[in-house]
Each structure stands twice: as structure tokens, then as C-alpha cells.
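Heads up: the structure comes next, in C-alpha cells.
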Protein chains: 2
Amino acid sequence: MATLIALDWGTSSLRAYLLDDGGAIIDVRQRPWGVRNLPDGGFDAALADITRDWPRCVRIAAGMIGARGGWHEMAYLDLPTDVARVAESLGEVSALDGDPVHLVPGLRDTQRPDVMRGEETQILGAVARDPALSANATLLLPGTHSKWAEVRAGRVIGFRTAMTGELYALLLQHSILGAGVDDDAQADDAIVFLRGVRETRASGDAGALSRIFTLRAQWLNGTLSPTELPSYLSGLLIGEEIRGMSAGREAADVSPIALVGDPVLCARYRKALREFGFSATLAPDNAAAHGLWRIAVSAGLIATASREARA
Amino acid sequence: MATLIALDWGTSSLRAYLLDDGGAIIDVRQRPWGVRNLPDGGFDAALADITRDWPRCVRIAAGMIGARGGWHEMAYLDLPTDVARVAESLGEVSALDGDPVHLVPGLRDTQRPDVMRGEETQILGAVARDPALSANATLLLPGTHSKWAEVRAGRVIGFRTAMTGELYALLLQHSILGAGVDDDAQADDAIVFLRGVRETRASGDAGALSRIFTLRAQWLNGTLSPTELPSYLSGLLIGEEIRGMSAGREAADVSPIALVGDPVLCARYRKALREFGFSATLAPDNAAAHGLWRIAVSAGLIATASREARA
């Protein structure tokens, strides 16, 4: 029975899940309607369209929808935190159709400082599905702004952000390094990707920014082609993310790493991690949907089938 | 007596010097006519305009003018090299007025690999004026693509590039970090700049990219204002350049550092270097003009006043 509409509403896209009373996914839809790119009619029109023909259900949303400039600004929740505290801290906004949309707060690590919106829900979803992760893990969520989150005993105790995906896009589209590279060039050459990772690893403490201009020189030398450059740059920057985030630590000192997110990107990170001596597992798919489900259950928003209510 | 027209012709600007037979500057002019931004009539029109009313003299040019896509492509000269080898390797292009323009080759460090065009002339100019630099120095030329060049016994023996200036502009103009910052905001707050430098220094081996997203979090917290952000970002990135280029080396292991280039930018680098325990001197102004003069003398292109001919 359809029980929950779960919305993963980010900067550039909106994904909606229809979940049954056991938390299983009945249907999923995606639109390019991030909070910076809404259709005419704004948030209400986007919501009405993406949930058209779905039964009337409790609705819950996570991501940039709760940021300043989103539908309704939600204060960040400070660490440490877990699913129960997040569930206690939900906000809501009234949609034009008269029903509320419950909103998940982002998290703030005041030690860094650092912030996230949306990833907390993926983390809680991944952790809820795997007791080992819940006990002790580093959750790595690669992307535009990659997150490295530390989880202990079911609580998020700290996290850090690397702007790897954004930096990659900027350098490829706007810098001298990308001059002459086709707009639709892809970072899909696994061999060249690993060359880039190894270039960063070989830089030692100096780091990738001390090596990045060699891409231009290799291009001019003819040893790096326009089709190879994106993969090499991707390897260099993902390598730098891993190098920086693990600096001064042996593999034995780092908690078990679980990758959460797009499977293709996660697989690429897994290869790069291996070059630095780290092994990593891939968390189950649809962590955001599962996290929203768990938060809604914890908040008492929905009645669940008995097998899930005990979880 | 006017003897040499020296052209420092880069990607975004053209500067022309009229020099006398002792190498002193008689006149200087600047236009926004870099090789990517020429006036109607191209290279010849730019040259005719910027040298208008100057006496007919030997002409020599350095910089991106000799790159692929410049007026005439000059092969890179491999290291190690000195003023005599550069002078032996000049090329030339015929201008519409019938006289040649002599062209200085760029340098290539095949060990990295790395390349430069234009900076070799500034280095040779700075070294020619200061015997101490010529003997043993690290010449640091800050800018869009900062160069760290090692000079021993008058020869350039190696160099490395950091894309610090380009990265700063990209992040400020196109990334989430610059969202909400005025287009004309300046990195001129010395206190905040040093906060950025110290943030990178405190990162240790991890490096600035592991900290850079804290700027966004500090912005959201209200602890970093829109007017402060450029200075903080500048400090963070210049700090990273110094951190990466000196990684694993104590101040005593690094050759004396001389800064060459724009005095305001050089002064900012000097402050950042001090935070990392390095002292640096500022090389005399107009290193490019003096370098072109020395190369022209070494190549036998011009007759010099006796005091210079002995130098």
C-alpha cells in the first residue's frame, strides 16, 4: 500500500519516490527541476507534476529544498546526530494543495566548519540498512561536493567536504587545461584515469595542484590527447581528494569506507581508493529514498508494516 | 640614443619599451592587445600602433606571441639554459613594414614536464641585475600561472608552475564559493588574507583543497563576509602554492627566494612566504624589459654603450 512520497530535491534535479508501507519503492520519477531551475509555478507546480496520479500520502523532502533560497529555510542541525534527532527536527511547509511537505534539516559540523543538505539523508539510509556501517564507518558520498562522513554507533560525528566535482567541471570548461577539449568529452578511460590518480599519489605531500599544469605541458608535448584529458584530470582530482582526506593516516587508521551514490562514480572512486591502499564497499542503491523512509518512520509520520516497524 | 624596441606580448596584454643604448627605459606603452585579443589588422596593426612615433629600431619580443596561435610558433628550448643559449635560439617574423621582429623561445622542463613563455625573459633580466640571484636562487614569478624557477650559476635548471591566479579567478567567478560576491570585490584585506594563508598552513600535508569548502560554511555562519571572501580565498590558494612547492623541505633547504613581477602581488606573496618560514627579496622592476635587452645584446643585435657592453 502506498504510504510515503519521498522527495530528494537538490540544486539541479528533483527525484520523487513512492514507497509502500514496508519501505519498498513502488515508483520513481525524475525532473530537471532543482531549486535553481524550477518550472513556471515554482515549487508547488513541480510537486504537483512529479506526483501526478500518485495516491495522496504523507510527503517528506530532503536536500537544497530546505536551504536559503529553497522552499523554506531549515536551520542546520549540529553534530553529533542520528535518525531520531533528525526526525525530531523536521520542519514543514504548506503546499497549495493544502497538505504539508515535511522537511529534513541539513547538518553542520561546527568543528571545521562544514555543512551538508541532502547527504545526511543518504547517510542515514545507508547506515540503517547495514549494522556494520552503523557501528563504525567512513561514508564517502562522491559528487560535485564530495562528503566524507564519520559514523559511530549510528551517529554522524563529523564530516568534511571536497569540491572535487565542481573543480573538475570548472577546470575543464573554463581553464587553459580544457582549451581544445570537446564539450561532450567524457572521463571514461579507465587506464588514463589511473595515470592521473598515480600522478597525484606520486606528488606525496605536495599534492595535485603542484602537478596540475603538467597536463598542459603533456598536451603541448602530444603525450596527452584531447580525448584523454578529462579522464586524466578526473584521476588527478579524485586522487587529490583521497590524498588530502587521508593525509597522515595509514589504511589501518581509517575506518572501513563505504561509497554511497551513483554506481558509476562510486566504482571510479573505489579504483582510486585502491591506489592509495584503501578498500571500499559500495552501499546499496537508493540510500536517499531509504533514509527518507527511516526518518518518516522515526518521526511517527506513517504507519508501517510490522516487519519494518520493528527495525 | 634609442636602440631597442622590447615587446612583452602575453595572452591578455601587450607592453612595449623603448630602450637607449645603455639599456635604460626611454618610454613604455601598454595596450590590452594580448594574442587572444588583437585589434583589427592583427599583429601588424598592434605593433604599428604601439610603436607609433618611435624611431626605427631593432625589435625583439617575448611571451605568448611565440606560442601556437601566436604570430609565429617558436619551439621550446630545453633546460638547462642561459642567456647565451636563448640568444642563439631567437627566431623572427617579418612585419608588414618590412623589418623583422626577433622572437624569444619559451622554455621547457622535460622532467616535469612543464613549459613557460615570457617568464624566461623576466628571469634572465632579474638574474642579470643581481649576481647573488645568478649564483643560486629560486625565482618566484606570481600570477595567473605562477612559476618557481631554480637558477644556478646563471642557468635555469628547472621550474614548476602553479595555476594559482587562474584557480582564484575561476573559483570566485564560477563556483559556489563566489556566489553573492560582487564582481569588483578585491583581495585587499591583509588581515583576512593572512587568515587564509594560516588555514592552509594549519592543514599540514592535507592541503587547502581539503579545507576550501569551509569558506562556504563560514559564509553561511556569517563569520566570513562577501567583502572578505576574496582575500581569504587568495590567502588560502597562495598558501597552498607555497605549501605544495615547498612540501617536505625546511626553509634552510630552499634556495634564497626572489619575487619577480607586479609589486603589489609580490608583496602579498612575501607576507604569505613569511608565514611558512621563508624570507624573500623583491627583484628590481621591469625584469622583462631588462631581459629582452640582455638577450638582444647577447645575440649581437644591437650596439651598446661601453658601460653596458662590458656587463
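The values are calculated or read from the model by the stated rules, or taken from the named source; none is laboratory data. Note that the structure is a prediction, hence the values are computed from the model and not measured. Note: ideal-geometry Cβ built from the backbone for every residue, glycine included; neighbour counts use all protein chains shown.
Summary table below
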item: Selection within segment A:159-172 - under 14 Å from residue B:210 (Cα atoms) and in contact (Cβ under 8 Å) with a residue 24 or more places away in the chain; result: A:159, A:160, A:161, A:162, A:164, A:167
item: Residue in segment A:224-232 that is at pLDDT below 95, more than 7 Å from every other protein chain (Cβ to nearest Cβ) and in a helix (DSSP H, G or I) present; result: no
item: Residue B:220 within 14 Å of chain A (Cβ to nearest Cβ), in a helix (DSSP H, G or I) and not β-branched (Val, Ile, Thr); result: yes
item: Qualifying residue in segment A:123-145 (condition: among the polar types (S, T, N, Q), in a helix (DSSP H, G or I) and within 16 Å of the chain's Cα centre (by Cα)); result: no
item: Whichever residue in segment B:146-168 is among the basic types (Lys, Arg) and within 14 Å of chain A (Cβ to nearest Cβ) and, among such residues, is farthest from the chain's Cα centre (by Cα); result: B:160
item: Positions within segment A:4-30 being polar (S, T, N, Q) and closer than 19 Å to residue A:120 by Cβ, in sequence order; result: A:11, A:12, A:13
item: Considering residues of segment B:233-274 that are among the hydroxyl-bearing types (Ser, Thr, Tyr) and assigned to a loop (DSSP other than H, G, I, E, B) only, the residue modelled with the lowest pLDDT; result: B:255
item: Residue in segment B:158-172 that is farther than 21 Å from residue A:206 by Cα and buried (at least 24 other Cβ atoms within 10 Å of the Cβ) present; result: no
item: Flag for residue A:209 being crowded, with 23+ Cβ neighbours inside 10 Å and within 11 Å of chain B (Cβ to nearest Cβ); result: yes
item: Qualifying residue in segment A:188-196 (condition: in a helix (DSSP H, G or I), surrounded by fewer than 21 Cβ atoms within 10 Å (Cβ to Cβ), touching a Lys or Arg at 6+ places or on another chain (Cβ under 9 Å) and away from chain B (no Cβ under 14 Å)); result: yes
item: Check on residue B:151, among the β-branched types (Val, Ile, Thr) and in a loop (DSSP other than H, G, I, E, B); result: no
item: Segment B:275-298 - residue that is outside any helix (DSSP H, G or I) and touching a helix residue (DSSP H, G or I) at 6+ places or on another chain (Cβ under 6 Å) and, of those, farthest from residue B:195 (Cα to Cα); result: B:284
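Table: residues versus (1) outside the structural domain of residue A:188 (by TED's automatic domain parsing); (2) free of Cβ contacts under 8 Å to residues at least 60 places away in the same chain; (3) within 19 Å of the chain's Cα centre (by Cα).
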site: A:254; (1), (2), (3): no, no, no
site: A:261; (1), (2), (3): no, no, yes
site: A:264; (1), (2), (3): no, yes, yes
site: A:272; (1), (2), (3): no, no, yes
